[in-house]
1. Restricting things to alpha carbons, tell me how big the range 5-185 is in terms of Rg and Dmax, in Å.
2. What helices does the chain have that are whole DSSP H segments, at least 20 Å long along their own axis by Cα, and with mean Kyte-Doolittle hydropathy of -1.0 or more?
3. Summing Lys, Arg as +1 and Asp, Glu as -1, what charge do residues with Cβ under 14 Å from the Cβ of ASP301 carry, ASP301 excluded?
4. I want the local charge near SER310. Using Cβ-Cβ distances under 14 Å, sum +1 for each Lys or Arg and -1 for each Asp or Glu among the other residues.
5. Filter the cross-link list LYS24/LYS112; LYS260/LYS323; LYS24/LYS66; LYS248/LYS414; LYS361/LYS414; LYS303/LYS406 down to pairs whose alpha-carbon distance in this structure exceeds 23 Å.
6. Which of rounded, prolate, oblate describes the range 242-338, given a ≥ b ≥ c as roots of the alpha-carbon gyration tensor eigenvalues and a/c under 1.5 marking rounded, otherwise prolate only if a/b is larger than b/c?
7. Just going by the charge dipole of the chain, with Lys and Arg at +1 and Asp and Glu at -1 on Cβ, which of GLN275, ALA135, GLY102 is farthest out on the positive end?
8. Under unit Cβ charges (Lys, Arg +1; Asp, Glu -1), what dipole magnitude, rounded to 20 debye, does the chain have relative to its Cα centre?
Amino acid sequence: RTKPTDLVFIIDSSRSVRPHEFEKIKVFVSRVIEALDVGPNATRVGIVNYASAVRSEVSLQSPQSKAALLQAVRAVQPLSTGTMTGLAIQFAISRAFSAAEGGRGSAPNFKKVAIVVTDGRPQDGVKDVSARARAAGIEIFAIGVGRVDMGTLRQMASEPLDEHVDYVESYSVIEKLTHKFQEAFCVVSDLCATGDHDCEQVCVSTPGAYRCACRDGFSLNSDGRTCSACSGGLGSALDLVFLIDGSKSVRPENFELVKKFINQIVDSLEVSDRQAQVGLVQYSSSVRQEFPLGQFKSKKDIKAAVKKMSYMEKGTMTGQALKYLVDSSFSAINGARPGVPKVGIVFTDGRSQDYISDAAKKAKDSGFRMFAVGVGNAVEDELREIASEPVAEHYFYTADFRTISKIGKKLQMKICVEEDPCECKSIVKFQTKVEDLINSLQQ
């Protein structure tokens, strides 16, 4: 079943969208409709087509049978003029979702959802009109294609942006988003039983929802999904520095994914003066320290600083960056603590334009634990040279930026520093646990 929803597709048919590409958008819209529980008292669908002007193709009060909607989608033709995205969103507020057009905004338990699909930079403003739409109770999903402006998508979309902004390289692969939107409207009673959750360890079902939990010895991170063994005492003290490739081959939309990757790992840490400290360095043709170890005392502040990081967009001097990591990042003047384990995570998407061997060796000889993460055109021999022993556990590679979150999950556990089992607190904790188990057995 799908939630009763007033759903309006707002689709860009400007001249940059070629006819065969527009057909791909129609296939995507049709596939989402096919999975919906469509009907006058269930989910209603509207379609707004825009370029320089805006045209209502299907209103929420149009015949709401699947067959009629799919036929109407097939009949939609591109307008092939400019890109007035703000005008289209304003049309959705004033017309498409209005009671006169079949909108049920005032009725309880009905959601209002707009899915915007665009491949260009709007010729008008979207920030204010999108804010008005969200204030009117419209949940906005923004799908960008090709050379779309990512900043525009974020201005349009509802929070949380991770769930409401999607990007695909071309219209030929837009269909891969179909499953996400089919699931977005589903009502499922036992999400854990269906596997429709993202819990790292344990899923606990509640009626129509779920919560994540962790196995013994792990604690739930602030993201509510992942688990961490990094908890308690000085045993988890850690100085962690990210060394991030900001070369032009990364591309702006992928640089945003790298930021998410960093914050995914930050989420698994216990950040404080006595536990984990995080530093961030970006490099391209030069090296720039974004913030040193210990500057930010909470996960929230670190993640905010990561999100604000601007993209350097030049060359790939990985050797120079590694030398900076060894000479500066882990120095006391930049916040490093004596006697605390040092971990470096190096992220790159291409071959280094300078020599890396000496700096990579010096980092490992200095006792730093080095992880190497490569994407796309990264050279695996270079990744292995950077990575600590055993190399297989310290280097990762993927061809696609969109899969780096999977690497992030693996790294979350690997960077944990185990507590010393001989430490007094650990022995007391172990003894208490054993006594509790013996008591329960005796009962």
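1. Both quantities, over Cα of the range 5-185: 14.6, 41 Å.
2. Span-like helices here: 19-34, 252-266, 424-442.
3. Result for the local shell: +3.
4. +3
5. LYS24/LYS112; LYS260/LYS323; LYS248/LYS414
6. Verdict is oblate for the range 242-338.
7. The Cα lying farthest towards the positive end belongs to GLY102.
8. On the way: 56 positive and 54 negative charges, 214 e Å.
Computed about the Cα centre, the dipole is about 1020 debye.
Coordinate-derived values only; no laboratory data. Computed from a prediction, not measured in an experiment: that's the story for all the values here. Positions of Cβ are backbone-derived with ideal geometry, glycine not excepted, and every protein chain shown enters the neighbour counts.
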